[in-house]
Amino acid sequence: MSVTASKLEPIYPEPGADLGPLLEQRLSHPALQGVQAAARCSERMGVSAYVIGGPVRDMFLGWPVADIDVVVEGDGIGFAGELAAGEGAKMVPYARFGTALV
């Protein structure tokens with residue numbers, strides 16, 4: 001089941017809970033594909049990557065999630081370049097902030 005425009009009930013997971021099933025249930029298909037692509041990229045590069053910010057809040061509150069924010073330990077722009085290359089996507093770096101959009 002993926003979220004489109006409808007609102008689901010909020011959830012309050014226990015600290016340390018496995019959120020994988022929740023991601024699969026509550027993220028839009030494109031957002032879930034993005035999380036899975038970021039996970040593959042982090043494994044290939046041997047770096048830790050985490051979904052953060054508003055999308056996590058929205059998922060917990062039951063609101064639709066259309067995009068994701070990922071933070072990595074290390075070179076964020078390098079990670080974004082590798083992610084984009086692996087997925088055949090475009091990457092826009094923001095060197096001033098050490099961030100990128102894929």
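The values are calculated or read from the model by the stated rules, or taken from the named source; none is laboratory data. Every value quoted in this text rests on a predicted model; they were computed, and no experiment measured them. Backbone-built Cβ (ideal geometry, glycine too); neighbour counts: all protein chains shown. These accessible areas exclude ligands, DNA and RNA; they are computed on the full protein's heavy atoms, side chains included. Shrake-Rupley method; radii C 1.70, N 1.55, O 1.52, S 1.80 Å.
GNM remark for the chain: springs join alpha carbons under 10 Å apart, and the peak mean-square fluctuation among Gly34, Gly81, Gly16 falls on Gly16. Element breakdown for the chain at a 1.4 angstrom probe: carbon and sulfur atoms account for 58% of the accessible area. For the chain, the share of alpha carbon pairs falling in successive 5 Å distance bins from zero is 2, 13, 23, 23, 18, 13, 8, 1 percent. When peptides 43-56, 85-98 are ranked by their average number of other Cβ atoms within 10 Å per residue, the highest-first order is 43-56, 85-98. What angle do you read, to the nearest 10 degrees and between 0 and 90, between the alpha-carbon axis of helix 76-87 and the longest principal axis of the chain? With both axes taken from Cα atoms, the answer is about 80 degrees. Over the chain, accessible surface divided per residue gives 64 Å², non-protein components excluded, 1.4 Å probe. The angle between the Cα long axis of helix 29-45 and the longest principal axis of the Cα atoms of the chain comes to about 40 degrees, rounded to the nearest 10.
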